[in-house]
Amino acid sequence: MTTLLQNAPLTLKLARREFDQRFRGSMLGWFWALIAPLAMLAVFSLVFGVIFQSRWQRPGTEMQAEFAFPLLLFSGLILFNFFADQFNRAPTLMMENVSYIKKVVFPLEIMPIVSMLTALATAAISFIAFLVIYVIMHGVPPLTILLLPFAVLPLALLSLGISYFLSSLGVFLRDLKHVTPPLSTALLFLSAVFYQPENLPKPYDAIVWMNPLTPAVTYMRDLVFWGRLPDPFAYIAYLLFSMIVFMLGFAWFKRTQKAFADVI
């Protein structure tokens, strides 16, 4: 853990460079970080909002939510894209940085953090667009939106821990990169992005709550739309679980790191 703190300036520099390289050479630049989720929003809104006539119920009541379904959907997609960006890239993360493994002494443990910060910057751009649309349609959001970083923190730690696991395993199991895309799609549809878990029949609601995306998406909607705080005990449990996954993933990465050069 000390190494992570010592290399914080290098981590931020690499994250900024990677974010710039991701959109370098394209005509629209970082606007692609905004176009992609908006395109997904348009398709999902057509399918679920128009074709299937999906509606959102205000929690704790039988009233239909005053917020447009696409806006509620967009909030969940922002968090999913933040998670999926890291999840799908993790198996190839070390293979993309072979020069750091073989040629120089480099703190490889910062690379998953670089990937997370890049995904976070992309999510921030999408959230700014979401906030602009929100203000235009519904006015100023509730003050609880200021607590949004606390809702994202457990998901960030969880995705980082998973990234440590997958980036290490990806060195030894090259087929892993073909597994994560369909798995992330399954996580998307088995989360609370498209529907409310409490409206599902048992025991399917329990399956949805086992998805690591569901608590984060639910907390975000509570803070941004409903102006209410998440249940403190549930939040602390989610945070502790995320911290355990992060520490286990980091420990696994450090334990297997020495074998990377031999395998590659």
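Read-outs: derived from the displayed coordinates by stated rules, not from any lab. Nothing here was measured: the structure is a model prediction, and the numbers come from that model. Every residue, glycine as well, gets a Cβ built from its backbone with ideal geometry; the counts of neighbours run over all protein chains shown.
Structure summary
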| quantity | calculated |
| --- | --- |
| For peptides 87-97, 126-136, 199-209, sequence by mean Cβ density within 10 Å, most packed first | 87-97, 126-136, 199-209 |
| Solution diffusion estimate, µm²/s, Stokes-Einstein, segment 149-264, Kirkwood Rh from C-alpha pairs, 4 °C, viscosity 1.567 mPa s | 82 µm²/s |
| Unit charges on C-beta of K, R, D, E only; dipole of the chain, Debye | 740 debye |
| Directionally averaged projected area (convex hull, Cα atoms, the chain), nm² | 15.6 nm² |
| Helical contribution to [θ] at 222 nm, DSSP H n ≥ 4, -39,500 (n - 2.57), averaged over the chain, rounded to 500 | -20500 deg cm²/dmol |
| 16 Å Cα-Cα reach of Lys254 towards aspartates and glutamates, excluding residues that sit fewer than 8 places from it in its own chain | Glu109, Asp262 |
| Relative packing of peptides 161-168, 139-146 - highest average C-beta neighbours within 10 Å first | 161-168, 139-146 |
| Ranking of Phe241, Phe260, Phe225 by count of other Cβ atoms within 10 Å, fewest first | Phe241, Phe260, Phe225 |
| Estimated dipole of segment 166-253 in Debye, rounded to 20 [Cβ of Lys and Arg +1, of Asp and Glu -1, Cα centre] | 180 debye |
| Linear extension gain, Ile51 paired with Arg255, 0.36 nm per residue minus alpha-carbon span | 68.4 nm |
| Distance between modelled label sites at Val263 and Arg174, nm, 7 Å Cα→Cβ extension | 1.2 nm |
| Overall Cα dimensions of segment 69-134, principal axis frame, Å, largest first | 50, 18, 13 |
| Span-like helix ranges in the chain, DSSP H, alpha carbon extent 24 angstrom or more, Kyte mean at least 0.5 | 69-89, 111-138, 148-172, 232-256 |
